[in-house]
Amino acid sequence: MNAHRGFSLIELIVGIVILGVLMAMAVPRFSDWLRNARIRTSAEAIQNGLQLARAEAVRRNATVRFQLVSTIDDTCALDTAGPHWVVSMDNPASQCAAVPSDTTAPRIIQVRNRAEGSQQTLVAAGQSAFVFNGLGRLTPVPAANVAIDVSSTTGGTCVAGGGSVRCLRVLVSVGGQIRMCDPALPAGDAQAC
């Protein structure tokens, strides 16, 4: 007896149809997952930059600035929607391309380009500059906590607005504490805003 092994044309077509249906169901979820990952990366980068500025201010016992900027070249300007950020001792406006240095103005400590993992995200901050003093507190002291909201530029509505994208918020308290939270979570949840 000679048995033929393999798939018939019908079996192959049925397999391809099933695979196509599974892919059609998975693509929207995968797109949301990508958007959520980009938003989290951007929010974590902003949170880390703020924490770096605060830690450097305490370590140096001097004022250190975290600033959202429009670009990271010498045409940079403060921008509450700035996708890039700079941690420095002095105001880096129009000097964001300067080499990090402890002696040469604007005494840049670190620069982060949006292209480093935060593309296709939208930043909306309550203010563009956060200045920490030697005690790790904001100066001048704001009237209330300052929020930096991070969402997606590639579509999708935030969960708080009834959509499927998990938008995040970085909060800087009046005392200088920095935390990331989710505005869509109910009050009482540890990760809620």
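For the reader, a short list of remarks on this structure follows.
- Looking only at the stretch 160-193, and only at residues there that are crowded, with 17+ Cβ neighbours inside 10 Å and of a type in the set (V, I, T), the one that is nearest to R38 (Cα to Cα): V165
- The stretch 108-136 - residue that is buried (at least 18 other Cβ atoms within 10 Å of the Cβ) and over 21 Å from the mean Cα position of the chain (by Cα) and, of those, nearest to A147 (Cα to Cα): G136
- You will find that of Q119, Q110, Q127, Q191, the residue that is within 20 Å of V86 (Cβ to Cβ) and free of Cβ contacts under 8 Å to residues at least 60 places away in the same chain is Q127 and no other.
- Selection within the stretch 173-188 - in contact (Cβ under 8 Å) with a residue 12 or more places away in the chain and either outside any strand (DSSP E or B) or touching a Pro at 6+ places or on another chain (Cβ under 8 Å) (or both): S173, V174, G175, G176, P183, A184
- Within the set A98, A124, the sole residue that is assigned to a strand (DSSP E or B) and touching a Ser or Thr at 6+ places or on another chain (Cβ under 8 Å) turns out to be A124.
- Scanning the stretch 154-167 for residues that are among the hydroxyl-bearing types (S, T, Y) and in contact with a helix residue (DSSP H, G or I) (Cβ under 9 Å, 6 or more places away or on another chain), we see that the one that is nearest to R29 (Cα to Cα) is S164.
Values in this text are rule-based calculations from the coordinates and carry no lab data. In this text the structure is predicted, and so the values were computed from the model without any measurement. Counting neighbours? That spans all protein chains shown, and the Cβs are built from the backbone with ideal geometry, glycine included.
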